[in-house]
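Peer 1: Dropping the structure in here first, questions after.
Every read-out reported here was derived from the displayed coordinates using simple, explicitly stated rules and does not represent laboratory data. Computed from a predicted structure; not experimentally measured. For neighbour counting, all protein chains shown are included, and Cβ atoms are generated from backbone atoms with ideal geometry for every residue, glycine included.
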Amino acid sequence: MAKKLNFKQELTGCFGQPVAENPTQAMIEAAYRHHGLAWRYLTMEVSPSDLGDAVRGVRALGFQGFNCTIPHKVSVIQHLDGLGESASLMEAVNCVVRKGEKLIGENTDGKGFVDSLKPLISIPGKKVVVLGAGGASRAICVELALAGASHITLINRSQSRGETLAQLLRDRVKVGLTYQPWVGDYSVPEGTDIVVNATSIGLYPDENARIPLNLATLKPGMVVADVIPNPPRTRLVREATALGCLVIDGLGMLVNQGIIGIRHWTGIDPDPSVMRQALEEVFG
Ligand code: NDP
């Protein structure tokens, strides 16, 4: 009997900068294949001046959604029909989802991070130190506050960026907040439950770069999370593991934000292990 073939391929994609082998594409398409979905996830370079046309293209071609990355996370908002709660609080979008005829902007970076923390620690009432005040830190701090963290100590080298994020958090979410400029080696205060590196220190090719942190203040049992996905075993991940901390690497966050995207687009819950394996293959 002839097998019925399905030629229709649903489309999702990523608007960002070109890379030889896009890790997110490898991860998402591994999940599509594993679950037998006739979907594709395409990576396209879109210049800032073409962003409006690209989003109109998404509408015309019937894409179910797309990720967008730097430099489009904020400027894409003007081309969308609405925002989810987190994207609206952060004023940044990394995932767009078609709902009927509408394109809705979501932010899955912070949610992916919080999902990777949950197996290790219950977040409500916890005290967190977040190093860095860029886009990743903003997403993480907003979601930690929404998840019920009691206090965030924000540490950032550039004072203006640190204070801008601190003010956004004070204005928009309910969490105790302290901002401290980063001077010398930072000592994590006693009583801290979770420490997050949300800076780009340690990202390939600077994988041996040292985070200015007093390692003696990382205690056994403390949760230490690094957002850097490449390499996954950063210097901080190795040092915190040796000190007896509960450690989360950047791949967990990347996989979890991918899971949320796939769930939004396709309605299925993908297998995280298949996605992590695809990333590990790309990152070697
Ligand atoms: P940004 O450029 O927005 O922010 C970078 C942050 O790192 C700033 O706070 C900057 O401080 C700080 N920083 C950089 N170098 C140093 C240094 N030498 N000393 C002290 N602080 C430093 O980047 P993003 O927030 O978008 O991304 C940060 C990292 O998060 C990237 O490496 C990215 O790969 C990773 N990421 C991981 C994801 C995942 O799923 N695992 C998702 C999203 C991002 P200052 O303000 O002083 O310049």
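Peer 1: Take the range 166-189 and flag every residue that is within 16 Å of Ile211 (Cα to Cα), in contact with a Lys or Arg (Cβ under 8 Å, 6 or more places away or on another chain) and assigned to a strand (DSSP E or B).
Peer 2: Result: Pro181, single match.
Peer 1: Does Ala209 satisfy the condition of being within 14 Å of the ligand (Cβ to nearest atom) and closer than 23 Å to Asn94 by Cα?
Peer 2: So Ala209 fails the test.
Peer 1: Could you count how many residues in the range 221-239 are more than 10 Å from the ligand (Cβ to nearest atom) and within 17 Å of Lys126 (Cβ to Cβ)?
Peer 2: Result for the range 221-239: 4.
Peer 1: Residues that are touching a residue at least 24 places away in the same chain (Cβ under 8 Å), within 27 Å of Glu280 (Cα to Cα) and in contact with a strand residue (DSSP E or B) (Cβ under 9 Å, 6 or more places away or on another chain): does the range 207-216 have at least one?
Peer 2: yes
Peer 1: Additional query: Of the residues in the range 65-84, how many are surrounded by fewer than 19 Cβ atoms within 10 Å (Cβ to Cβ) and either in contact (Cβ under 8 Å) with a residue 60 or more places away in the chain or of a type in the set (Lys, Arg) (or both)?
Peer 2: Within the range 65-84, residues that are surrounded by fewer than 19 Cβ atoms within 10 Å (Cβ to Cβ) and either in contact (Cβ under 8 Å) with a residue 60 or more places away in the chain or of a type in the set (Lys, Arg) (or both) number 1.
Peer 1: Hey, another quick one. How about the range 244-258: which of its residues are over 11 Å from the mean Cα position of the chain (by Cα) and buried (at least 17 other Cβ atoms within 10 Å of the Cβ)?
Peer 2: Matches in the range 244-258: Cys245, Leu246, Val247, Ile248, Asp249.
Peer 1: Still on this structure, I have one more. Would you confirm, using the coordinates I've provided, whether Gly202 is within 15 Å of the ligand (Cβ to nearest atom), among the small types (Gly, Ala, Ser) and without any contact (Cβ under 8 Å) to a residue 60 or more places away in the chain?
Peer 2: Taking the combined requirement at face value, the residue satisfies it.
Peer 1: I've got another one for you. In the range 108-131, what residues are buried (at least 23 other Cβ atoms within 10 Å of the Cβ), over 18 Å from Arg170 (Cβ atoms) and not hydroxyl-bearing (Ser, Thr, Tyr)?
Peer 2: Asp109, Lys111, Gly112, Phe113, Leu117, Leu131 - these are the residues of the range 108-131 that are buried (at least 23 other Cβ atoms within 10 Å of the Cβ), over 18 Å from Arg170 (Cβ atoms) and not hydroxyl-bearing (Ser, Thr, Tyr).
Peer 1: From Gly162, Gly135, which residue is within 22 Å of Met253 (Cα to Cα) and either over 21 Å from the mean Cα position of the chain (by Cα) or crowded, with 16+ Cβ neighbours inside 10 Å (or both)?
Peer 2: Gly135
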